[in-house]
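The values are calculated or read from the model by the stated rules, or taken from the named source; none is laboratory data. It should be emphasised that the depicted structure is a prediction, and the values quoted were computed from it without experimental measurement. Positions of Cβ are backbone-derived with ideal geometry, glycine not excepted, and every protein chain shown enters the neighbour counts. Just so you know, the surface numbers come from the protein's heavy atoms only, side chains and all, with ligands and any DNA or RNA stripped out. Shrake-Rupley method; radii C 1.70, N 1.55, O 1.52, S 1.80 Å.
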Amino acid sequence: MGAVRRTSLGHWGAFEATVENGRLVAAQPWADGGANPQMIGAWPELVYSESRIDRPYVRKSFLQRREGAGGEGRGLEEMVPVDWDTALSLVAGQLQRVYAEHGAASVFGGSYGWSSAGRFHHARTQVRRFLAATGGFTDQVGNYSWGAAHAILPHVLGDAEAVSSAATSWETIAQESDVVVAFGGLNPKNWRVTSGGAGNHHMPRFIAKARRRGVKFIVVSPLASDCPEGVDAAWIAPRPNTDTAIMLALAHQALLEGRADLAFLERYTQGHEAFLAYIRGADDGTPKTIAWASRISGVEEAALLTLWQAIRQGRVMLTASWSLQRADHGEQPFWALIALAAMLGQIGLPGGGFCFGYGSLNGVGASARRGYVPAMEVLSNPVDSSVPVASFVEAFLNPGKEIAFNGRNVVFPDVRLVYWAGGNPFHHAQDLFKLEAAWRRPETVIVHEPWWTPTARRADIVLPATTSAERNDIGGSSRDPFVFAMPKLIEPVGEARDDFLIFRDLADRLGRQTVFDEGLDENGWLRRLWSKTEARGEREGIEVPSFDAFWDAGFWAVPEPEAPEVLFDAFRRDPDANPLKTPSGRIELFSRTIAGFGYADCPPHPAWLEPQEWLGVAQDGELHLVTNQPEKRLHSQLYQTRRKNAPETVEINGRDADARGIREGDLVRLWNDRGACLAVAHLGGHVGPGVLVMPTGAWFEPDRQHDWLESNGNPNVLTADRRTSALGQACAALSALVRVEPYRPAVR
Ligand SMILES: Nc1nc2c(c(=O)[nH]1)N[C@H]1C(S)=C(S)[C@@H](COP(=O)(O)OP(=O)(O)OC[C@H]3O[C@@H](n4cnc5c(=O)[nH]c(N)nc54)[C@H](O)[C@@H]3O)O[C@H]1N2
Ligand SMILES: Nc1nc2c(c(=O)[nH]1)N[C@H]1C(S)=C(S)[C@@H](COP(=O)(O)OP(=O)(O)OC[C@H]3O[C@@H](n4cnc5c(=O)[nH]c(N)nc54)[C@H](O)[C@@H]3O)O[C@H]1N2
Ligand SMILES: [Mo]
């Protein structure tokens, strides 16, 4: 039989698969989509990886004693292979037991994680749908990506769309902007990825277009490579987590020089008086001057004044990457950026104002009509129990504890059973040794995974899931102009089953099958999802192909929107006719709602608050650890391929390396009170002094001989399990201090 070529999709791009004799043998970027060939090419390696889970497994003592086994042995004991029927009856029995004895809130099923690109077989959606159908569960709210923004933006802008889906189009930057100031940079590595996957990775093209018109780029980031290549951007390297101070000082300078657009503030904002009083220093006696920001950020006054000169006139786009808000008081830099943009008065103009995430994800600022990629339907959760996404470790450790969260109180449930499908908490959570301890608390842990990830290895019952190559699906991203058919390429590897089929079987055992599947199989669901795309097309006068035509073609190019998107253009045209959904209908630079919450860590206007961990409080020898997204992987995905880098690399400034006797390529040990990990030092001159940059995603591998030493270089053993504020309760991974030294293992 000859080779067959089919189109498919992953979060790192659309690809053309070659299948020979029932085997996936090659994958190449689709069309001229610009996806990264190395990441795409890893598909066969991924699918046939040695780390695939070949059949169901149960932890040895759990198989013998069920919930009586206790959690101590998780990750340590032997995993015993069992047949599917044994595994599924165990799972069903455990769910029944916990529902009956403790109630649905004791089933933790938030199951945060990216899962796979296909929207029907999206494991996190499937597990939450399943648990909603069988009795309910404790959910997780918000996300790790932009959790703090998700909480603060609705108070300021009326909703969170400016971070979740909407963005001023790059087209308008290329046509209208004079200057782009990118806090957190525009790192091209991030454009390799988008949730749901893309056919179009064209950010480099947009940037090139902007460059041709002479748009000037200024990158404010501790890492030089956050500037896209060929852009020759000016680089300002502040201490991490000090952007808010810089933004406030620029706003203050605008006020001093009479360049603040008071008419804009008057017409389009609410509470600017309080904000202006704050930056003048009326409340705390400290005007937020350039000199003040220089002391905090470590950037010379002259460089900050040059930055001010660059933005005091012309069309200015101010952008922030999502990373800025993944830190202590992460709400503030986003609010401060909005305030600074309001002072300059260009919000709502093409190529001007502010925007979040251009450097964070492929497709932000691309021209795409939203809403044509259908999402799998969820069911409403019959119990009202949820925790902020990044608080799950705290919740496992403190049942019954009450925390404040964005104006309400959350009581942590008494978690007895954990069900995770489509995420890797031993990658994504902070303070992983703390997670290890918390993970022992529940009575039962069930995980669906295609691969033996650190999370799968720490389960009581592991069910092997298929990859997206082994089933039919529909995929795509709302930030991309394509929807893709994802035909089944090969038969399931080993005894793997689709998450959907596993849940359908379990739902049947629990007497809830029709609630879960509504009588539809895979094909039925794909057709039902496509009918939503058709219905949307009908509403908007867009011609959508029939399901069969779409499936045969392998993709559908959604027609481009007529005009490039400009954030808040309608609001700018007429704020009375198009008010924001804030209490005042305006951009809130002072929020009475937030004032009413009375949170010390989130005041009612943008403000500089010292992070708990940053260079301003570092002891002698401590450095600020920035943990960013990995270049050649998607989080912990692809680690089981040649995209692995073990131990992971850490970027260190030459001066800091010299002071510690560290040379290029040395094996080093990073540590603090929370743990330690290995890494390989890289001294490329890419980071500012006092800063270490280390990507996330290495598979957590604690060295049992050397207590607290993680050997693959997973930096989350060093990050703090701390929230941004009582408002966001979001992940603050990017505020962490550590020490580093050459690694000299003790002779055993
Ligand atoms: N220090 C630090 N930590 C961070 C961040 C940071 O910047 N710094 N970033 C955070 C952010 S923004 C995010 S989004 C998270 C990401 O955290 P995660 O989303 O948990 O990371 P992934 O590695 O993408 O995990 C997805 C898992 O789903 C599995 N999977 C894939 N397909 C299937 C399937 O079909 N079925 C099943 N059952 N499983 C499947 C994969 O094998 C993988 O283990 O990490 C967060 N953690
Ligand atoms: N290749 C690849 N791309 C990805 C992902 C991936 O795993 N791999 N993950 C995707 C996901 S889930 C998400 S949420 C996005 C995340 O998007 P981002 O959060 O924007 O990405 P990061 O790489 O974490 O951070 C971008 C840069 O911000 C800089 N930075 C960190 N702290 C500070 C600070 O305090 N101030 C300033 N000015 N700069 C700072 C760092 O140098 C870092 O390189 O990325 C997406 N894109
Ligand atoms: Mo994310």
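Side notes on the structure shown:
- Calculated FRET value between residue 280 and residue 655, using beta carbons and R₀ = 41 Å, to 0.05: 0.65
- Rg and Dmax of the range 504-548, based on Cα coordinates, read 14.5, 44 Å.
- For the range 612-618, 3J(HN,Hα) computed residue by residue from phi via the Karplus equation (6.51, -1.76, 1.60; θ = phi - 60°) reads 6, 10, 6, 5, x, 10, 5 Hz, glycine and proline entered as x.
- With a Förster radius of 30 Å applied to the C-beta separation of residue 232 and residue 259, the computed FRET efficiency comes to 0.65.
- Order by protection proxy (mean Cβ within 10 Å, highest first), peptides 656-662, 280-286, 11-17: 11-17, 656-662, 280-286
- Entries of 60/632; 216/581; 401/434 with Cα pairs more than 26 Å apart: 60/632; 216/581
- Rg in Å to one decimal, and Dmax rounded to a whole Å, for the range 569-670 via C-alpha atoms: 22.9, 64
- Shown for the chain are the DSSP H helices of 24 Å or more along their axis, judged by Cα atoms, with a mean Kyte-Doolittle hydropathy of at least -1.0: 84-102.
- Convex hull (Cα only) mean projected area of the chain, reported in nm² to one decimal: 31.6
- Remark: spin-label model distance residue 77-residue 51 equals 2.4 nm, labels positioned 7 Å along the Cα→Cβ axis.
- Annotation: Cα Rg of the range 349-475 relative to the compact-globule expectation 2.2 N^0.38 Å equals 1.37.
- Highest average packing first - 462-474, 704-716, 166-178, Cβ atoms within 10 Å: 462-474, 166-178, 704-716
- Whole-number accessible area per residue in Å² for the range 460-579, which is evaluated in the context of all protein chains at 1.4 Å: 43
- Rounded, prolate or oblate (a/c below 1.5 giving rounded, otherwise prolate when a/b exceeds b/c) for the range 1-152 by Cα gyration tensor: oblate
- Residue-normalised convex hull volume from the C-alpha trace of the range 366-436: 184 Å³ per residue.
- Overall Cα dimensions of the range 412-482 - principal axes, largest extent first, Å: 44, 26, 22
- The convex hull around the C-alpha trace of the range 216-371, projected and averaged over every direction, spans 10.2 square nanometres.
- Theoretical FRET efficiency, 1/(1+(r/R0)^6), r = Cβ-Cβ of residue 414 and residue 600, R0 30 Å, to 0.05: 0.55
- Calculated accessible area for the range 249-293 comes out at 42 Å² per residue, all protein chains present (probe 1.4 Å; ligands, DNA, RNA ignored).
- Two-decimal log10 I(q)/I(0) for the range 306-359, as the Debye equation yields it once each C-alpha is a single scatterer, q = 0.15, 0.24, 0.32 Å⁻¹: -0.42, -0.95, -1.24
- Portion, in percent, of the accessible area of the chain that falls on carbon or sulfur, probe 1.4 Å: 47
- Relative to the compact-globule estimate of 2.2 N^0.38 Å, the Cα radius of gyration of the range 4-47 comes out at 1.02.
- On the principal axes of its alpha carbon atoms, the range 615-742 extends 42, 39, 31 Å, with the longest extent given first.
- Considering every alpha-carbon pair of the range 102-218, the percent of pairs per 5 Å bin, from zero through the bin containing the longest distance, is 2, 9, 12, 16, 16, 16, 11, 7, 5, 3, 2, 1, 0.
- From most to least packed by mean Cβ count within 10 Å, the peptides 404-415, 597-608 give 597-608, 404-415.
- Taking 0.36 nm per residue of separation and subtracting the Cα-Cα distance, full extension of the segment from residue 32 to residue 620 would add 206.6 nm.
- Estimated at 0.36 nm per residue, the fully extended path between residue 266 and residue 97 surpasses their Cα-Cα distance by 54.8 nm.
- Label-point separation, residue 375 to residue 86 (7 Å along Cα→Cβ), nm: 4.0
- Its relative contact order, with pairs defined as Cα atoms under 8 Å and 6+ residues apart, puts the range 4-47 at 31 percent.
- Seen from all directions on average, the range 574-634 presents a Cα convex hull projection of 8.4 nm².
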